[in-house]
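Asker: Attaching a single structure in structure tokens format; questions to follow.
The values are calculated or read from the model by the stated rules, or taken from the named source; none is laboratory data. Computed from a predicted model, the values in this text were never measured in an experiment. For neighbour counting, all protein chains shown are included, and Cβ atoms are generated from backbone atoms with ideal geometry for every residue, glycine included.
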Amino acid sequence: MYYSELISSYLEGDEGSFHILCKKIQPMLYNYINSIVKDSEAAKDYCQDVLIKVFLKIKSGKYLDNGRFMSWLLTIARNMVGDDFRKQNKYHFYSFDENDNISFNNLSCENSFDDLSDNVNYKLLYTTLSPNQRHIIYLRYFRELSYKDIAKAMSININTALGINRYAVVKMRKQYYKLYG
């Protein structure tokens, strides 16, 4: 039986047809995904997720049989793996943990805060920022990255990185003047 016949049979109520379809496509799907992720366990997980997605799409009538089932299946697999990689690697270049112990002793941002006194509790000011602002401040002043590198690491526009940094510095200054007068 070909794929379209198995799908038609399944849609007519033969649950075994989908099982046969899965048995036919699973080895090739697994090999395809494994060639992308190069991790056997991850490939098994993705394979299962793709089959569930295919099952749901066929069951809901969203699959239009035009004789290209395998290319449709592999496109779903490629997109699912790619989407997951993009989510995982959004901050690929530099990890940032909110609970990191950041040393403010050798802070390289004195130029941005020239008007603040030397005994400023930077950590207190830093904690008033949003997570996005903290991340950019961290990358800019603690990791000493350029705005171009920050934009690349965070998958944002360079002007967005500049703007977020500017607003973070302004926010820290306002908080400083509120606390220290």
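Asker: Report, by residue number, each residue of segment 164-181 that is in contact with a helix residue (DSSP H, G or I) (Cβ under 9 Å, 6 or more places away or on another chain) and within 18 Å of Leu139 (Cβ to Cβ).
Answerer: Within segment 164-181, Ile164, Asn165, Tyr167, Ala168, Val169, Lys171, Met172 qualify.
Asker: Related question: So Lys44 ticks every box in (1) in contact (Cβ under 8 Å) with a residue 40 or more places away in the chain; (2) part of a helix (DSSP H, G or I) but one. Which box is left unticked?
Answerer: (1)
Asker: Another one. Given the conditions (1) farther than 30 Å from Lys53 by Cβ; (2) of a type outside the set (Lys, Arg); (3) at pLDDT below 80, which single one is not true for Asn89?
Answerer: Unmet condition: (1).
Asker: How do the pairs read when you match residues in segment 50-67 that are touching a residue at least 40 places away in the same chain (Cβ under 8 Å) and within 26 Å of Asn34 (Cα to Cα) with residues anywhere that are surrounded by 12 or more Cβ atoms within 10 Å (Cβ to Cβ) and among the polar types (S, T, N, Q), using Cβ under 8 Å and keeping only pairs 6 or more apart or on different chains?
Answerer: Between residues of segment 50-67 that are touching a residue at least 40 places away in the same chain (Cβ under 8 Å) and within 26 Å of Asn34 (Cα to Cα) and residues that are surrounded by 12 or more Cβ atoms within 10 Å (Cβ to Cβ) and among the polar types (S, T, N, Q), the close pairs are Gly67/Ser4.
Asker: Next up: If a residue must be surrounded by fewer than 13 Cβ atoms within 10 Å (Cβ to Cβ) and among the acidic types (Asp, Glu), how many such residues does segment 123-176 contain?
Answerer: 1
Asker: Could you grab me the full set of residues in segment 149-163 that are within 17 Å of the chain's Cα centre (by Cα) and more than 13 Å from Tyr138 (Cβ to Cβ)?
Answerer: The answer is Ala151, Lys152, Ser155, Ile156, Asn157.
Asker: With respect to Ile156, is the statement that it is outside any helix (DSSP H, G or I) and of a type in the set (A, V, I, L, M, F, W, C) true?
Answerer: Taking the combined requirement at face value, the residue satisfies it.
Residues are listed down the side, and each one gets a yes or a no for (1) hydroxyl-bearing (Ser, Thr, Tyr); (2) more than 30 Å from Arg173 (Cα to Cα); (3) at pLDDT 85 or above:
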site	(1), (2), (3)
Ser4	yes, yes, no
Ser17	yes, yes, yes
Ile33	no, yes, yes
Lys53	no, yes, yes
Gly67	no, yes, no
Leu74	no, yes, yes
Arg78	no, yes, yes
Asp83	no, yes, no
